[in-house]
Amino acid sequence: MSLAANIVAEGGSTLRLGEAPGAAEPVLHAENLSKQYGPVTVLSDIKLDILPGEIHAIIGENGAGKSTLMRLLSGYVEPTRGSLSMGGVPVKFIRPAQAQNAGIALVHQEILLAEALTVADNLFLGRELSHGAVVDDRAMRRLAAEKLAQIGCMVSPTALVRDISLADRQMVQIARALLDDYRVVIFDEPTAVLTGDEVERLLEIVLQLKAHGTAVLYISHRLDEVQRIADKVTVLRDGKMVGTYPGKTLNQMDMARLMVGRELAALYPQKSAAPCGVPMLSVRNATVPGHAKDVSFTVHKGEILGFAGMIGAGRTELFEGIVGLRPATATVELEGKTVHFHSQRAAIDAGIGYLTEDRKGKGLLLHERLAPNLTLSALGAFHPGLAMGRRREAAALEVAVGTYDIRLKSLGAKAGQLSGGNQQKLLLAKVLLTDPSVVIIDEPTRGIDIANKAQIYAFIQGLVAKGKACIVISSEMQELIGICDRILVMREGRVTGEVSGETMTESNVALLATSGAKPMLVAEGETK
Amino acid sequence: MTAITGSAPTRREREFNISWTDIGPFLALAALLVVGFMINQDFLSATNLANVITRSAFIAIIAVGATFVISSGGLDLSVGSMAAFITGITIMFMNAVAPHAGIWAIPAGMAVAIVVGMACGLANGLIVTVGRIEPFIATLGTMGIFRALITYLTDGGTIPIDRSLREAYRPVYFGTVAGIPIPILISVAVAAVASFILYKMKYGRKCAAVGANEDVARYSGISVIKTRTIAYIVQGVCVAIAAICYVPRLGAATPTTGQLWELQVITAVVIGGTALRGGKGHVWGTVAGAVILELIANLMVLSDFVSEYLVAAVQGVIIIIAMLIQRFSNSK
């Protein structure tokens, strides 16, 4: 049994929800629901009972399997094993339309609307009201206006979706799910793009649905919302169920612990004893329009500084702004000198390496051989005369392959033929080939196996041991805690706090990342 | 550590790793020669081949430039009109200076042609990169502009080259060195320089990276704007070189000069194995592609099986087959 579950048990709350005898029959029941992609199990043995008029929250870290679960329940993905039943009747969904007809609506996390069509057109897309073959625009507009007013959204039904704000688009998506009387409405991170008042409005809508007897599945990273509205909370971790708990018995701290609780083995290298030297990179009031606001930090020689936060917190965009990949304003000092980067080239030349989180899309040319990939950021160092020095490149590749233990079938292989972990090592080698003094690594181990992870952590430790400064952005909290000397936590584009030493615990990071709560910065031992 | 250190197996793999896209155009060219010989014995005569290849030189030279543009992820529809425009400006310039400079008007005119070509390419490049307009649309626009300008300059008629220059300029198209027609030598030289730039120089790497994945290039510190713009300038220079060769053949610039060349150029590039979506460019394949197009036309004229009115249809079939081969070899 995991550590976290024990903590909750000791805390006095009951683990399993004892249903009152004769409780309503579940409108949706999932039994041993599992999903495998090839050899990878992304979700295993999920049991869920969703009752009518109940708000059931699903929480978990990034990659815990929440979105996969939602897709299984709404027919976007077929389960490998397990079964679903609705009101006691077994059901099987192969297409989303089947789930919809059975009364399950999904409000997507991403906005999936046709931008060139009007709000009303979008609301009724695929189920237009019509007289025979002729669509009844007037009726659709009237009904759209009604539904939108009901959820407090003020956009005109005739407005084009491309002209309305992101929050309004989200509202239109929600209105779509309210158009029919669905028995189950699934919200996948509905508040990710909403702020303040809009979130309040959304929570009201959810409560209205509940009062109406609709079952609501609510997925959110924002634990404060979950705590406010959830009747039940199901926690997922690494594709498995940690458990289902009555909402009222969990505070945000408990939830964070259940989400992250796991054993940390010797995956992480020993941290160096006295890491902090002179400041290497100091950033003041960095603002990336639409993504990050007034972020300031300093990273020192020999230090690993972590940036934690949920996906969409603006960490990637912040650093892309700092290294000149997107428009940003900031006061940047590199080793005491004020610098400003208009392009990524300038940042590289000044000694800042940035390793993108999108290995396949932005990091490597998958159809190209390894050597041209390796040298792409450092072409200048590889042409002694007019022509590129092939021999120099080949030598550099052999060195990189040895240094970073890149496993490959032949040196003539293409980058796309390497495994994810080896691609990541190649990308690391590519970034380090420019010999940066500050290395920014965005999601160092996304989608790679544990052995490669351990190696990459060791490489990062090796970098700072050599006197470089390192910034690691990651959505995996335990990874940051395992390797970083300090962690800054971001939420909605701002730094909500810093943890280090005693206060560097997963629950503290999770709290700062999800609710922005500040006063709970206490060490793990003191919370019992 | 199980890193590979032995280089022997690597070498072998490299040799076997020849794809259909790499050798396809040359196999097709060889097959075409064999078929041609079976149909008509005269086909393989030195005179006929020299004629055919000389005629394909313009398309080949322009298509080498197009290989840069297309492999960097762009497209240039304006090359035909640009060729006409440059021809017009060049002839007008030569005619204007001929009374004072005599024969020297020719090299001066050539220099002007190159400068105008670079300027046209720069304009295309800036509209596409800085203006962020789809290459198809941007060059469709400049295609109309160049064509209208030459029509305006010629007043709808022709601008013949000055009589005093005609004789001296003639060898650029009709002359030979060691028995090889000069246009063939020029296109081989252009292709050789282009393949050095594309395969050996830093710029070639950038060009391929930008074409294969703009984001990867950008995140590697490569200026996408600069790289693409240079590709268009190279295209402009190639068009200018082709125009310089072309002047003696017709002896005049007309509003119809270079019409539909853009389609032949794109066909040659694609037959040559360069993917239209960008990535690695195949310079020599492009040259082979241009020769293939001209050979087919020639074959159809020489043979009685198919009407020569169907030349365009056969070329159309060829481009579709070339694309199918690319898809097949990519999906493996």
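The values are calculated or read from the model by the stated rules, or taken from the named source; none is laboratory data. Keep in mind that what you see is a predicted model, and the values were worked out from it rather than measured. Every residue, glycine among them, receives a Cβ derived from its backbone with ideal geometry; neighbour counts consider all protein chains shown.
Assorted remarks:
- Of the residues making up segment B:225-245, just one is within 21 Å of A:LEU386 (Cα to Cα) and within 11 Å of chain A (Cβ to nearest Cβ), namely B:LYS226.
- Going through (1) within 30 Å of B:GLU167 (Cα to Cα); (2) surrounded by fewer than 24 Cβ atoms within 10 Å (Cβ to Cβ); (3) of a type in the set (Val, Ile, Thr) one by one, B:VAL287 falls short only on (2).
- Tally, over segment A:316-358, of residues that are surrounded by fewer than 18 Cβ atoms within 10 Å (Cβ to Cβ), touching a His at 6+ places or on another chain (Cβ under 9 Å) and polar (S, T, N, Q): 1
- Residues being under 20 Å from A:GLY126 (Cα atoms) and aromatic (Phe, Trp, Tyr) - total across segment A:167-216: 1
- Looking only at segment A:386-408, residues that are facing chain B (nearest Cβ under 8 Å) and more than 24 Å from A:GLU443 (Cα to Cα) come to 4 in all.
- Among the residues of segment B:273-332, those identified as of a type in the set (Ser, Thr, Tyr) and free of Cβ contacts under 8 Å to residues at least 12 places away in the same chain are B:SER307, B:TYR309, B:SER331.
- Meets criteria (of a type outside the set (S, T, N, Q) and assigned to a strand (DSSP E or B)) for A:VAL499: yes
- Unique match (being touching a Leu at 6+ places or on another chain (Cβ under 6 Å) and within 18 Å of B:VAL193 (Cα to Cα)) among B:ALA240, B:ALA231, B:ALA288: B:ALA288
- Filtered by the rule that a residue be without any contact (Cβ under 8 Å) to a residue 60 or more places away in the chain and part of a helix (DSSP H, G or I), segment B:155-170 gives B:ARG163, B:GLU167.
- Of the candidates A:ILE94, A:ILE104, A:ILE111, the single residue that is free of Cβ contacts under 8 Å to residues at least 24 places away in the same chain and not acidic (Asp, Glu) is A:ILE94.
- Helices (runs of 4 or more DSSP H) wholly inside segment A:354-446 that include at least 3 residues being touching a helix residue (DSSP H, G or I) at 6+ places or on another chain (Cβ under 8 Å) and without any contact (Cβ under 8 Å) to a residue 24 or more places away in the chain: A:390-403
- Residue within segment A:364-385 that is within 12 Å of chain B (Cβ to nearest Cβ) and of a type in the set (Lys, Arg) present: yes
- Yes/no for A:ALA454 being over 15 Å from B:SER220 (Cβ atoms), of a type outside the set (S, T, N, Q) and either at the interface with chain B (Cβ under 9 Å from one of its Cβ atoms) or touching a strand residue (DSSP E or B) at 6+ places or on another chain (Cβ under 6 Å) (or both): no
- Positions within segment A:342-352 being at the interface with chain B (Cβ under 10 Å from one of its Cβ atoms) and of a type outside the set (Val, Ile, Thr), in sequence order: A:SER343, A:GLN344, A:ARG345, A:ALA346, A:ALA347, A:ASP349
- Candidate set from segment A:96-155 (those that are among the polar types (S, T, N, Q) and within 12 Å of A:GLN173 (Cβ to Cβ)); member that is surrounded by the fewest Cβ atoms within 10 Å (Cβ to Cβ): A:GLN109
- Test: residue in segment B:193-216 that is touching a Lys or Arg at 6+ places or on another chain (Cβ under 6 Å), under 26 Å from A:ALA415 (Cα atoms) and charged (D, E, K, R): yes
- Any chance A:GLY351 is modelled with pLDDT of 90 or more, at positive phi and touching a strand residue (DSSP E or B) at 6+ places or on another chain (Cβ under 8 Å): yes
- Residue in segment B:193-214 that is acidic (Asp, Glu), within 14 Å of chain A (Cβ to nearest Cβ) and surrounded by fewer than 24 Cβ atoms within 10 Å (Cβ to Cβ) present: yes
- Applying a threshold of 9 Å to beta carbon distances and a minimum spacing of six or more residues, or different chains, the list of pairs starting in segment A:117-129 at a residue that is touching a residue at least 40 places away in the same chain (Cβ under 8 Å) and ending at one that is in a strand (DSSP E or B) and surrounded by fewer than 22 Cβ atoms within 10 Å (Cβ to Cβ) reads A:LEU117/A:LEU160; A:THR118/A:LEU160; A:VAL119/A:LEU160; A:PHE124/A:VAL135.
- Taking the criterion of being in a helix (DSSP H, G or I) and small (Gly, Ala, Ser), the residues of segment B:100-133 that qualify are B:ALA101, B:GLY102, B:ALA105, B:ALA108, B:GLY109, B:ALA111, B:ALA113, B:GLY117, B:ALA119, B:GLY121, B:ALA123, B:GLY125.
- Counting only helices (runs of 4 or more DSSP H) wholly contained in segment A:61-170, the ones carrying 2 or more residues that are more than 30 Å from A:ASN32 (Cα to Cα) and not aliphatic (A, V, I, L, M) occupy A:119-123, A:137-150.
- Among the residues of segment A:186-205, those identified as assigned to a loop (DSSP other than H, G, I, E, B) and either under 12 Å from A:ILE58 (Cβ atoms) or not polar (S, T, N, Q) (or both) are A:GLU189, A:PRO190, A:ALA192, A:VAL193, A:LEU194.
- The set of residues in segment B:28-50 being touching a residue at least 24 places away in the same chain (Cβ under 8 Å) and either within 21 Å of the chain's Cα centre (by Cα) or not in a helix (DSSP H, G or I) (or both) consists of B:ALA28, B:LEU29, B:LEU32, B:ASN40, B:ALA50.
- Residues that are in a strand (DSSP E or B) and over 21 Å from the mean Cα position of the chain (by Cα), drawn from segment A:206-255: A:ALA215, A:VAL216, A:LYS232, A:GLY243, A:THR244, A:TYR245, A:PRO246
- Test: residue in segment B:152-173 that is touching a Leu at 6+ places or on another chain (Cβ under 7 Å), surrounded by fewer than 17 Cβ atoms within 10 Å (Cβ to Cβ), closer than 22 Å to B:GLY109 by Cβ and more than 13 Å from chain A (Cβ to nearest Cβ): no
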